[in-house]
Amino acid sequence: MTALTPPLGHRLRWTFADGLTLVGRELGRLRQNPGELVAALIFPVIMVVLFGYVFGSAIQVPGGGDYREYLMPGLFSMVTFSAVMAVMTRMATDASRGVMDRFRSMPMARLAVPFGQTGADSLVGLLMLAIMVGAGLLVGWQPHHGLIPTAQAFLLMIVLRYALSWVGVYVGLAVKNEQVADAMVPLFLPFTMLSNAFVPTGGMPGWLRFLADWNPVSALTAATRELFGNPGVTSGDVAWPLAHPVTVVLLWSAALLLVFVPLSLRAYKRRGR
């Protein structure tokens, strides 16, 4: 039995190589459906214009400052959390249309599919962040603390997005079909809105403020504001996640990976039985 089982290193390399192949497959699918890619890239620009100019004039930035500079870290966080919805929809679509069954019939590592989906989403997420950075620079946003803190802020977004993509893998495998997944997409919007991304949490009722302060969206937004040097950095008597936002984002990322990677791989294996 031992002789028939490839060494762990070989299995990992096999999974990684097949995962890269599936990353290419996902990116190729986007090229074949340019409307989906265009919509994903236009969305950040619409958010910048809508919130920056339509709502921005009515919102007071805590401590003063330009609202669009206060807003951009929140929009970066919103784009980061879109990983859950994007991966969930793609996984549910592939599962309901029999694509995963075809993958299982091919001589490839079985676990390459979820790794390929999450890897492809990370690349798409980088492109979306790049588009949003360009839109932010055009409306007056800029980082103020230099290259290293700026790079750290974007690295936090990438790490958390990758962790969130595994949540999308698990939910996409758990739902019955792509129609259910599509119906669930609007449910994630309140999760991103219930945070400090667009307005300060200080004016919220106590119970709502508690939920917003402990929302990982708020932690990522606070961390990037701090690293970029943008207005709205929290100080004084604030909830622990907002007082230590970088640490909290790393803890959230590690916790999501520890929980949802095993759950996703187990759900993928069970789906094939």
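Here are a few things to note about the model shown:
- ALA254 vs. criteria touching a helix residue (DSSP H, G or I) at 6+ places or on another chain (Cβ under 9 Å), at pLDDT 90 or above and either in a helix (DSSP H, G or I) or farther than 16 Å from SER77 by Cα (or both): yes
- Meets criteria (of a type in the set (Phe, Trp, Tyr), within 16 Å of LEU75 (Cβ to Cβ) and out of contact with any Lys or Arg (no Cβ under 6 Å at 6 or more places or on another chain)) for PHE210: no
- Selected residue (criterion: farthest from LEU156 (Cα to Cα)) from residues of the range 214-251 that are among the small types (Gly, Ala, Ser) and not in a helix (DSSP H, G or I): GLY236
- Positions within the range 138-178 being assigned to a helix (DSSP H, G or I), open to solvent by 40 Å² or more (accessible area, probe 1.4 Å) and at pLDDT below 90, in sequence order: LEU138, ALA174
- Annotation note: Cβ proximity below 8 Å between a residue of the range 40-66 that is in a helix (DSSP H, G or I) and a residue that is open to solvent by less than 40 Å² (accessible area, probe 1.4 Å) and modelled with pLDDT under 80 (sequence gap 6+ or interchain) occurs for no pair.
- Of residues in the range 180-195 being without any contact (Cβ under 8 Å) to a residue 60 or more places away in the chain and either closer than 13 Å to ARG90 by Cα or in a helix (DSSP H, G or I) (or both), the one farthest from the chain's Cα centre (by Cα): ALA183
The values are calculated or read from the model by the stated rules, or taken from the named source; none is laboratory data. Since we're looking at a predicted model, the values are computed, not measured. Please note: Cβ atoms are built from the backbone with ideal geometry, for glycine as well, and neighbour counts cover all protein chains shown. All accessible areas refer to the heavy atoms of the entire protein, side chains included, with ligands and DNA or RNA removed. Shrake-Rupley method; radii C 1.70, N 1.55, O 1.52, S 1.80 Å.
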